[in-house]
Amino acid sequence: MAAAKKAVLGPLVGAVDQGTSSTRFLVFNSKTAELLSHHQVEIKQEFPREGWVEQDPKEILHSVYECIEKTCEKLGQLNIDISNIKAIGVSNQRETTVVWDKLTGEPLYNAVAAPVSPGPSDPAAVVPSGSSVPAAGPSSVWLDLRTQSTVESLSKRIPGNNNFVKSKTGLPLSTYFSAVKLRWLLDNVRKVQKAVEEDRALFGTVDSWLIWSLTGGASGGVHCTDVTNASRTMLFNIHSLEWDKELCEFFEIPMKILPNVRSSSEIYGLMKISHSLKAGALEGVPISGCLGDQSAALVGQMCFQDGQAKNTYGTGCFLLCNTGHKCVFSEHGLLTTVAYKLGRDKPVYYALEGSVAIAGAVIRWLRDNLGIIKTSEEIEKLAKEVGTSYGCYFVPAFSGLYAPYWEPSARGIICGLTQFTNKCHIAFAALEAVCFQTREILDAMNRDCGIPLSHLQVDGGMTNNKILMQLQADILYIPVVKPSMPETTALGAAMAAGAAEGVGVWSLEPEDLSAVTMERFEPQINAEESEIRYSTWKKAVMKSMGWVTTQSSESGMP
């Protein structure tokens with residue numbers, strides 16, 4: 001059996017998938033996109049104060065080496081030759097900020113991460129894999145208390161209005177993005193200040209720290225990032241695709257500490273042995289792909305056409321819509337971001353990004369706060385028993401309403417209750433809430449870019465819930481398409497790496513992904529019923545507003 005399997009393997013490509021709660025290394029067959037083996041290591045988060053989230057950059061790096069070595073051992077047990085691994089891609093949690101000493105390779109402070117935010121992991125996970133700005137706005141349920149005062153002082157200095165930052169970066173001035181975290185480190189950590197003064201400091205997001213370390217570190221490591229990660233720093237001009245001098249002056253960031261910005265698909269450097277960790281199974285293999293996690297999922301879903309969109313369902317939802325070669329600036333609180341640039345001489349593609357703050361988190365609330373389910377999986381069973389919410393609507397505005405409403409006075413409500421309503425109906429209404437919120441973001445995207453979606457591609461932990469997927473198709477009134485390959489983020493990083501010039505083992509044509517089949521959920525109700533349910537949801541949303549008469553600090557909104 002093993003010999004037959006070995007005979008049909010094409011060149012292999014590895015992918016590092018580095019998230020907030022774990023690191024994984026996965027190896028794919030570049031000819032079929034089949035996942036051959038992987039290994040996962042959990043990593044810790046530290047909470048030195050309320051609203052502060054940190055991680056140890058060395059623990060992150062060690063976890064990457066461990067995952068690579070263990071995966072290679074597993075491939076050996078499968079009789080698969082690891083010399084067939086021709087390239088490695090990196091996908092990472094975005095915005096998390098690392099500063100290190102280029103002479104010693106030692107971090108100068110912990111990695112400063114965003115507070116817990118929606119990501120593509122198990123819906124019940126307290127800390128999901130992957131990190132990004134929730135609800136695509138200037139503040140959030142997951143307010144970064146550490147840097148809030150930094151943002152407040154910066155906002156007073158903005159010339160004219162908030163569009164100074166947004167027009168260049170596509171991002172609002174927010175605690176979430178790297179520039180503010182870096183400014184905090186420069187203001188508050190003496191070791192960082194001293195290293196900058198002595199020209200020893202390097203800054204990067206997690207991808208930069210990993211690529212620099214994996215390609216030699218203090219002994220000639222490559223200090224770079226890709227356009228997707230750079231676009232989440234608030235220092236990068238998404239039009240010129242360069243670090244912006246005016247933004248760096250505004251944030252008072254010395255440009256000499258910034259990484260070189262490269263495309264998402266090119267050879268950055270070669271893997272080097274780590275003598276201290278006795279790790280070197282893939283020495284000499286090029287690292288040739290790099291994408292922030294949500295961009296990697298967009299590539300892994302093959303959303304290469306203008307107007308194609310994907311939604312990742314986890315604790316929250318992340319929606320990205322490819323807008324082609326043009327930057328579309330949202331009038332509805334969405335972010336404009338770089339989707340990918342798959343080659344040094346290839347064009348850049350942009351995306352609109354929006355988030356649903358409370359998705360899988362509402363299932364966790366039903367489990368942990370109300371106790372009507374014992375495990376997240378039970379929600380599907382309860383919902384299936386009734387097949388309807390029986391007129392019950394659940395608006396999970398636990399800390400206000402975010403995009404597209406921006407209403408901090410709102411609070412969560414369950415309405416339309418009768419004596420007949422039971423926990424099964426509430427479970428069904430909770431699943432519907434995820435779908436209605438997704439529709440609101442997609443409606444905003446449609447209004448911003450004027451391209452109605454023909455279908456929605458989906459991934460993430462919650463997509464295993466077939467009732468949720470059918471509800472989503474019914475509420476959007478378009479097909480929902482789920483790939484058989486659940487690892488779309490890692491797959492996207494592997495595709496970028498394998499397609500790089502000088503590697504050339506992966507074709508980005510859809511027909512070449514023969515191992516990836518699609519499960520399709522078609523709307524099963526008529527358009528009129530879909531609209532009636534959506535308009536009733538809108539009525540419920542209006543009922544949720546105005547509960548808090550004075551702005552509460554817990555809302556996390558401006």
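Annotations
- Per-residue ellipticity at 222 nm from helix content only, as computed over the chain with -39500 (n - 2.57) for each DSSP H run of at least four residues, stands at -9500 deg cm²/dmol.
- Partner lysines whose Cα lies under 20 Å from the Cα of residue 166, excluding those fewer than 8 positions away in the same chain, are identified as 156, 181, 245, 326.
- Highest to lowest packing among 62-73, 288-299, 85-96, scored as the average C-beta count within 10 Å: 288-299, 85-96, 62-73
- Residues whose amide H falls under 5 Å from that of residue 285, counting only those 5 or more places apart or on a different chain, are 271, with hydrogens built in the peptide plane.
- Amide H contacts of residue 37 (H built 1.01 Å from N, under 5 Å, at least 5 apart or other chain): 27
- Note that the chain presents 37 Å² accessible area per residue, ligands and nucleic acids not counted, probe 1.4 Å.
- Residues with amide H under 5 Å from that of residue 22, placed H, sequence gap 5 or more: 43, 130
- By accessible area with a 1.4 Å probe, ligands and nucleic acids excluded, highest first: order of 455, 239, 425: 239, 455, 425
- 3J(HN,Hα) along segment 471-488: 4, 4, 4, 5, 6, 7, 6, 9, x, 10, 10, 10, x, 5, 8, x, 8, 5 Hz, from the Karplus curve 6.51 cos²θ - 1.76 cosθ + 1.60 with θ = phi - 60°, whole Hz, x for Gly and Pro.
- 3J(HN,Hα) from dihedral phi, segment 229-241, Karplus parametrisation 6.51/-1.76/1.60, rounded to Hz, x for glycine, proline: 6, 4, 6, 9, 8, 6, 10, 10, 7, 6, 8, 7, 6
- Ranked by the mean number of other Cβ atoms within 10 Å of their residues, highest first, the peptides 202-212, 533-543, 220-230 fall in the order 202-212, 220-230, 533-543.
- The tail of the calculated P(r) for the chain beyond 34 Å holds 36 percent of all Cα-Cα pairs.
- Solvent-accessible surface (1.4 angstrom probe) belonging to residue 478, in square angstrom, nearest 10: 30 Å²
- Shape parameters for segment 228-369, alpha-carbon atoms, Rg then Dmax in Å: 18.2, 52
- Ordering 300-313, 319-332 by mean Cβ neighbour count within 10 Å, with the highest value first, yields 300-313, 319-332.
- Listed by chain and number, the aspartates and glutamates whose alpha-carbon sits under 15 Å from that of residue 194, ignoring those within fewer than 8 places in the same chain, are 101, 106.
- Furthest towards positive pole of dipole, 87, 490, 537, structure part the chain, Cβ charges: 537
- Assuming charge only on the beta carbon of Lys and Arg (+1) and of Asp and Glu (-1), the dipole of segment 299-544 about its Cα centre is about 680 debye to the nearest 20.
- A convex hull fitted around the alpha carbon atoms of segment 299-544 yields 128 Å³ per residue.
- Candidate aspartates and glutamates - alpha carbon under 13 Å from residue 384, same-chain residues fewer than 8 apart omitted: 432
The values are calculated or read from the model by the stated rules, or taken from the named source; none is laboratory data. Just so it is clear, the structure is predicted and the values come from calculations on it, not from any experiment. Please note: Cβ atoms are built from the backbone with ideal geometry, for glycine as well, and neighbour counts cover all protein chains shown. When the accessible area is computed, the model is the full protein with side chains, heavy atoms only, and any ligands, DNA or RNA have been set aside. Shrake-Rupley method; radii C 1.70, N 1.55, O 1.52, S 1.80 Å.
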